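The values are calculated or read from the model by the stated rules, or taken from the named source; none is laboratory data. What you see is a predicted model, and the numbers here were worked out from it, not measured in a lab. Here the Cβ positions follow ideal geometry from the backbone for every residue, glycine too, while neighbour counts run over all protein chains shown.
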Amino acid sequence: MKPLFDPSLYEFDKPQPSYWEATAGKHHLPDAPLEGTQSCDVAIIGGGYSGLSAALHLARDFSVDVCLLEAGHVGWGASGRNGGFCTMGSTKVSLKSQLARFGVEQTRYFYQCQAEAVELVRSLGTDENIDYLPQGDCEYIVADSDAHFTELKKAAEIESRLLGLDISIHSQDEFREIGYDSPHQHGAIAHRPSFALHPLRYVQGLAAAAHRRGARIHPRSEVLRWHKQADGSHLLETAQGSLRAQQVILTGNGFMPEHLHRGVQGRPLPIQSAIVVTRPMTDDELQQKGWHTENPVINSKHMFFYYRLLSDKRFMLGGRANHVGDPAGAEQTFAELKQSIARMWPQFSDLEFTHQWRGLVCFALNLRPSIGRMPEDKSVYFAYGYHGNGVNSATWSGRELAKWLAGKNSGDSLLPQHLPAILRGRPPKFPLSSLRRQYLRAGMAVYRLRDYFDI
């Protein structure tokens with residue numbers, strides 16, 4: 001089964017030329033690929049936040065014999081490339097639709113779990129001594145127009161009153177003083193708890209912690225074949241070894257290896273994301289440019305941008321890329337992002353850029369994250385579909401999978417009944433799933449039109 005995007009996005013032996021890779025620091029990480037014939041109780045495919053959190057919690061909290069296989073180096077995928085937003089909101093289902101389908105209690109429970117997930121990242125940083133360079137104390141959603149600000153305020157009132165979320169509203173003038181000024185800044189709302197971090201340092205810290213707690217971590221160990229044995233065990237084969245396990249956790253998110261199990265084929269929708277980073281700015285430049293905040297920010301457009309000031313005073317901006325994934329298309333996306341900075345913040349138009357890179361986030365047809373077990377085989381668990389919000393959501397999902405496998409919740413159920421209803425079970429399969437890129441192209445065109453006409 002061919003990957004959806006250009007092969008250049010799946011070169012597991014090549015790290016991205018990202019700012020995160022350049023500033024990751026030194027870690028004592030496991031670096032040996034799987035060799036020979038090994039066995040364990042639980043095998044995990046995918047070494048991002050979901051898989052490493054599951055490995056850490058299984059080994060540390062439940063003394064489970066667990067072994068994780070990652071195709072690239074630790075942090076090769078989206079967990080080491082993203083914008084570093086530890087924030088709430090891993091679904092693209094509107095709040096109105098959530099309330100209509102799941103009710104107030106379940107919707108409130110979902111957002112309580114999202115807030116809990118943010119605090120889980122903080123506690124892991126403290127408990128496992130992970131130096132992930134935290135910044136800020138909230139996430140700002142900035143209105144691109146007066147109409148958008150009106151809608152944001154309406155949503156904030158509902159989220160505060162019905163769901164108990166910690167939200168503050170800032171007028172255009174107020175946000176000019178605490179955030180930034182821009183022709184496209186018409187006020188903002190702030191969500192807490194949220195903050196920013198160095199994503200690669202965080203994922204490497206998770207790997208080091210899991211290894212220290214007894215999990216076996218094998219990078220450069222792409223699973224090439226997966227066989228179910230007559231005795232019910234699973235045999236995972238890599239280029240240099242094999243691993244037999246009683247249970248398997250399948251992660252991967254935007255880089256989900258769909259070819260390995262029919263239970264995930266045609267269900268994830270990878271979407272390409274790209275990021276650019278400028279040179280460091282001086283304190284005087286920041287003062288002149290009116291930039292005051294270290295909190296992570298997204299804007300209110302449908303084809304939104306996300307951005308933040310980094311710890312060494314560089315400016316980072318990210319957004320969605322094209323539907324093909326080829327290098328030429330990537331260069332065009334990088335150029336568009338750089339032009340967007342100059343358009344949104346004219347005072348930044350003269351900044352030089354030092355880093356640019358790309359990766360894949362994971363959407364689903366039902367626009368919801370998914371945690372569950374395969375109906376075809378209840379010894380296979382999965383978690384994916386974080387809709388660009390994986391730092392906290394994936395970390396939390398990995399912990400919840402660990403509890404589930406250890407028998408602490410839900411018993412023998414196919415669905416994780418202890419979790420919010422919005423998260424339970426597999427997303428539906430896309431009709432004619434080979435056309436997912438075309439669906440993506442059409443959807444992006446619709447969102448661009450809505451942004452153009454401000455609807």
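Go through G372, G388 for me and flag whichever is in contact (Cβ under 8 Å) with a residue 24 or more places away in the chain and within 16 Å of the chain's Cα centre (by Cα).
Numbers: G372 fails: within 16 Å of the chain's Cα centre (by Cα).
Matching residue, one of G372, G388: G388.
Hey, N392 hits all of (1) closer than 26 Å to L197 by Cα; (2) modelled with pLDDT of 95 or more; (3) not in a helix (DSSP H, G or I) but one; which does it fall short on?
Evaluating N392 over (1) closer than 26 Å to L197 by Cα; (2) modelled with pLDDT of 95 or more; (3) not in a helix (DSSP H, G or I) leaves (3) as the failure.
Of the residues that sit in segment 1-52 and are of a type in the set (A, V, I, L, M, F, W, C) and part of a strand (DSSP E or B), which one is nearest to G254 (Cα to Cα)? First the steps, then the outcome.
Going residue by residue through segment 1-52, those that are of a type in the set (A, V, I, L, M, F, W, C) are 1, 4-5, 9, 12, 20, 22, 24, 29, 32, 34, 40, 42-45, 52.
Now restrict to residues that are part of a strand (DSSP E or B): 40, 42-45.
Details: C40: 26, V42: 22, A43: 20, I44: 16, I45: 13 Å.
Among those that are of a type in the set (A, V, I, L, M, F, W, C) and part of a strand (DSSP E or B), it is I45.
Does any residue of segment 232-254 turn out to be within 16 Å of L56 (Cβ to Cβ), assigned to a loop (DSSP other than H, G, I, E, B) and out of contact with any strand residue (DSSP E or B) (no Cβ under 7 Å at 6 or more places or on another chain)?
To start, the set of residues in segment 232-254 that are within 16 Å of L56 (Cβ to Cβ) comprises 249, 251.
Subset that is assigned to a loop (DSSP other than H, G, I, E, B): 251.
Applying the additional criterion that residues be out of contact with any strand residue (DSSP E or B) (no Cβ under 7 Å at 6 or more places or on another chain) yields none.
Among the residues of segment 232-254, not one is within 16 Å of L56 (Cβ to Cβ), assigned to a loop (DSSP other than H, G, I, E, B) and out of contact with any strand residue (DSSP E or B) (no Cβ under 7 Å at 6 or more places or on another chain), which makes the answer no.
Do any residues in segment 415-444 that are farther than 22 Å from M374 by Cα have Cβ atoms under 9 Å from those of residues that are polar (S, T, N, Q), where the two are at least six apart or on different chains, and which pairs are they?
Matching pairs, first to second residue: L440/Q272; R441/N322; M444/N322.
Considering only residues that are basic (K, R) and assigned to a helix (DSSP H, G or I), look in segment 426-455 and name the one that is nearest to R262 (Cα to Cα). First the steps, then the outcome.
Just the residues of segment 426-455 that are basic (K, R), to begin with: 426, 429, 436-437, 441, 448, 450.
Going one step further and asking which of them are assigned to a helix (DSSP H, G or I), we end up with 436-437, 441, 448, 450.
On the way: R436: 17, R437: 19, R441: 25, R448: 34, R450: 36 Å.
That would be R436.
Given the structure, is F175 surrounded by 21 or more Cβ atoms within 10 Å (Cβ to Cβ) and more than 30 Å from G47 (Cβ to Cβ)? Write out each step before concluding.
Numbers: surrounded by 21 or more Cβ atoms within 10 Å (Cβ to Cβ): yes; more than 30 Å from G47 (Cβ to Cβ): yes.
Spelling it out, F175 is indeed surrounded by 21 or more Cβ atoms within 10 Å (Cβ to Cβ) and more than 30 Å from G47 (Cβ to Cβ).
Within segment 318-369, restricting attention to residues that are outside any helix (DSSP H, G or I), in contact with a Gly (Cβ under 9 Å, 6 or more places away or on another chain) and free of Cβ contacts under 8 Å to residues at least 60 places away in the same chain, which residue is surrounded by the most Cβ atoms within 10 Å (Cβ to Cβ)?
A321
Can you find even one residue in segment 97-105 that is among the aliphatic types (A, V, I, L, M), more than 24 Å from D312 (Cα to Cα), without any contact (Cβ under 8 Å) to a residue 24 or more places away in the chain and surrounded by fewer than 19 Cβ atoms within 10 Å (Cβ to Cβ)?
Filtering segment 97-105 for residues among the aliphatic types (A, V, I, L, M) gives 99-100, 104.
Filter once more, so that each one left must be more than 24 Å from D312 (Cα to Cα): 99-100, 104.
When the remaining residues are screened for being without any contact (Cβ under 8 Å) to a residue 24 or more places away in the chain, the result is 100.
From the residues that got through so far, the ones that are surrounded by fewer than 19 Cβ atoms within 10 Å (Cβ to Cβ) too are 100.
Yes, that holds for at least one residue.
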